[in-house]
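**Student:** Take a look at this one; I'll ask things after.
Values quoted throughout were computed directly from the atomic coordinates according to the rules given, and no laboratory measurement underlies them. Being a predicted model, the structure only gives us computed values, none of them experimental. Please note: Cβ atoms are built from the backbone with ideal geometry, for glycine as well, and neighbour counts cover all protein chains shown.
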Amino acid sequence: MSYRPDRVAGEIVREVSRIIRDKVHNPKIPVMTTVTSAEVSKDLKYATIYVSVIGDNEEAVSALNSSAGFIRHELASSLRNMRVIPALTFKIDSSGEYGRKIDSILKEISENECHS
C-alpha cells in the first residue's frame, strides 16, 4: 500500500496555497481563498484541489480553473523532485457548510429538548 498520493497531496496543498497567495494576481480570486485539501489520483496525473472562499464561490472557482495552467507551471518549478505534475481541477470545499448545517440541527434539537 502506497502513501505517496497522500504525501503529494499535502505538498500540493502547501505549494498551491503559496502560489495563489503570492503569484496569482486575478481580481476574481478573493484574498480570503483558502486551499483546504487535495485529492491526488493513484497515478499522480490528476489532482482535485478543494478551496474555501469568502465571496462569490462560483466566480472564484472559475477563475482558479482558468489559472490552473499557470498554477501547474509554478508548481512544477517548486516540486522539482516529481517527474509528472498533476493536472489541477479546483472545486469548492463544502465541508464547512455541511458542518454549520449539522451544528444548527443539533442546536435546534437541544433547544427543543430544553422547552419540553
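**Student:** Kindly evaluate Ile19 against the criterion of being among the hydrophobic types (A, V, I, L, M, F, W, C), without any contact (Cβ under 8 Å) to a residue 60 or more places away in the chain and on the phi < 0 side of the Ramachandran plot.
**Tutor:** yes
**Student:** Ala38 - would you say it is within 26 Å of Pro5 (Cβ to Cβ), in a helix (DSSP H, G or I) and under 12 Å from the mean Cα position of the chain (by Cα)?
**Tutor:** no
**Student:** Just the residues that are surrounded by 12 or more Cβ atoms within 10 Å (Cβ to Cβ) and farther than 20 Å from Ser77 by Cα, please, taken from the range 7-50.
**Tutor:** Selection gives Asn26, Lys28, Ile29, Pro30, Thr33, Thr34, Thr36, Ser37, Glu39, Ser41, Tyr50.
**Student:** List the pairs whose first member sits in the range 54-67 and is at negative phi, whose second member is surrounded by fewer than 13 Cβ atoms within 10 Å (Cβ to Cβ) and hydrophobic (A, V, I, L, M, F, W, C), and whose Cβ atoms are under 8 Å apart, counting only residues at least 6 apart or on separate chains?
**Tutor:** Ile54/Met32
**Student:** Moving on to the next point. Could you identify the single residue in Lys107, Lys42, Lys91 that is out of contact with any strand residue (DSSP E or B) (no Cβ under 6 Å at 6 or more places or on another chain), in contact (Cβ under 8 Å) with a residue 40 or more places away in the chain and basic (Lys, Arg)?
**Tutor:** Lys42
**Student:** Identify the residue in the range 67-116 that is of a type in the set (Lys, Arg) and not in a helix (DSSP H, G or I) and, among all such residues, is farthest from Asp56 (Cα to Cα).
**Tutor:** Checked the range 67-116; the qualifying residue farthest from Asp56 (Cα to Cα) is Arg83.
**Student:** Could you please find all residues in the range 78-107 being surrounded by fewer than 11 Cβ atoms within 10 Å (Cβ to Cβ) and among the hydroxyl-bearing types (Ser, Thr, Tyr)?
**Tutor:** Tyr98, Ser104
**Student:** Can you tell me which residue is farthest from Val16 (Cα to Cα) among those in the range 41-59 that are polar (S, T, N, Q) and outside any loop (DSSP other than H, G, I, E, B)?
**Tutor:** Asn57
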